[in-house]
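Novice: Mind looking over this structure? Questions follow.
The values are calculated or read from the model by the stated rules, or taken from the named source; none is laboratory data. As the structure is a prediction and not an experimental result, all values here were calculated from the model. So basically every Cβ, Gly included, is an ideal-geometry build from the backbone, and we count neighbours across all protein chains shown. Keep in mind that these areas ignore ligands, DNA and RNA; they rest on the heavy atoms of the full protein, side chains included. Shrake-Rupley method; radii C 1.70, N 1.55, O 1.52, S 1.80 Å.
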Amino acid sequence: MIAKSYSLFKKDFHSELRTRYAINSLAMFIIVAISVILFSIGNETITTSLTAGLFWVVIFFTAMSGLARAFVSEEERGTTLTLQLIASPSTVFTGKLIFNMILVFCMNLVIALLYSALFEKFIVQNFSLFLLTFVLGNIGLAVASTIIAAIIAKAGAKGTLYPVLSFPILLPLILTCVQLTLFSFDGTRFEEAKFELAIVVGYDVIMLTASYMLFDFIWKD
Amino acid sequence: MYEEFSAWENLKIFANIRGINLNEALVLSYLAKFLLENRKDDLVKTYSSGMKQRLKFIFALMHSPEVLIFDEPTSNLDEEGKKVVYEIVREEGKSKIVIIASNEVKDLELCNEVLLLEKFK
């Protein structure tokens, strides 16, 4: 199954390099969103909590602008039925998840680098906590975005439905990640952030398990 | 089919996702039969609808299935393409089960048994 999933991921990766649908939309959104925030702030200094919040707001909306492509592109090209015939649902989901995971990590790395360069309050005191939050947050975001992308792929108003459906599902993750990012800015020790970290780990495990269990039904309907 | 890839890349991608080794000799022979051999490295987006239709036959045949089900197999095809399809159906029909759903009289002439659905109303 892994080899087949890897083949599907490789196909998506090469397809993205040739078409650049997701990369372009993500890059444009990151540039526009950060520019708007910087213009609206002006010369004022924003607090660390607001910086942490805005960091995850940009991550959330950037994910909404590009990650739906995973399944929508198959639907638009009429290849969904072919994939249903030649691969098992878990193969398809794993392939798409690996692709979205890499896309999310690259996208969020760029956002983090831009934030650290442009926002003076984006100073990480506890780097290992920030790194762990970043990794766990990205995994949760990628898993939730992939399964929601599969749900909305057959819908008519995909663009609207994707953020609307994602918001309640991603809210617990985003809120906890904002808190953990704030902890990493404050230099809070690992032990004091255990509860929030457990929430994010729990979220990732639940989302991953639920996604694999439900994807069969979503994919075949 | 993924239009941003060539026909050959598409065939390789689907073979890999299916988990089978691409039988290059067989696929090349089908490409030659379906008059696509010289265009196999061109992107599918440059193909006409008839060429895409012919390429779909190769997708269906590349893993040597035991049962072939065709729905309107000669739609979008020119006379040359239809001839190739009829030849393939005759050839595959010798050793495999071929089911064709069609309104074309010529398509039905290939069949050993014809079921008219209106009779079953």
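Novice: Scan the range A:95-113 and report the pairs whose first residue is touching a residue at least 12 places away in the same chain (Cβ under 8 Å) and at negative phi and whose second residue is open to solvent by 40 Å² or more (accessible area, probe 1.4 Å) and part of a helix (DSSP H, G or I), with Cβ atoms within less than 6 Å and a gap of 6+ or a chain change.
Specialist: No pair meets every condition.
Novice: I'd like to verify a number: residues in the range A:115-128 that are surrounded by 17 or more Cβ atoms within 10 Å (Cβ to Cβ) and either out of contact with any Phe, Trp or Tyr (no Cβ under 6 Å at 6 or more places or on another chain) or modelled with pLDDT of 95 or more (or both), how many?
Specialist: 2
Novice: Any residue at all in the range A:155-164 that is modelled with pLDDT under 90 and surrounded by 20 or more Cβ atoms within 10 Å (Cβ to Cβ)?
Specialist: Yes: one or more hits.
Novice: Could we say that A:Thr91 is open to solvent by less than 10 Å² (accessible area, probe 1.4 Å), within 14 Å of another protein chain (Cβ to nearest Cβ), free of Cβ contacts under 8 Å to residues at least 40 places away in the same chain and polar (S, T, N, Q) here?
Specialist: No.
Novice: If you don't mind, there's one more thing I want to ask. Based on this model, can you work out whether A:Gly42 counts as over 24 Å from A:Pro172 (Cα atoms) and either away from chain B (no Cβ under 14 Å) or open to solvent by 50 Å² or more (accessible area, probe 1.4 Å) (or both)?
Specialist: yes
Novice: In addition: I'm trying to understand the selection: among the residues of the range A:5-37, which are touching a residue at least 24 places away in the same chain (Cβ under 8 Å), farther than 19 Å from B:Ala7 by Cβ and of a type in the set (S, T, N, Q)?
Specialist: A:Ser5, A:Ser25
The rows are residues; the columns are (1) touching a Leu at 6+ places or on another chain (Cβ under 8 Å); (2) more than 14 Å from chain B (Cβ to nearest Cβ).
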position	(1), (2)
A:Tyr6	no, no
A:Lys10	no, no
A:Thr19	no, no
A:Ser25	no, yes
A:Ile31	no, yes
A:Ser49	yes, yes
A:Phe55	no, yes
A:Ala63	yes, yes
A:Gly66	yes, yes
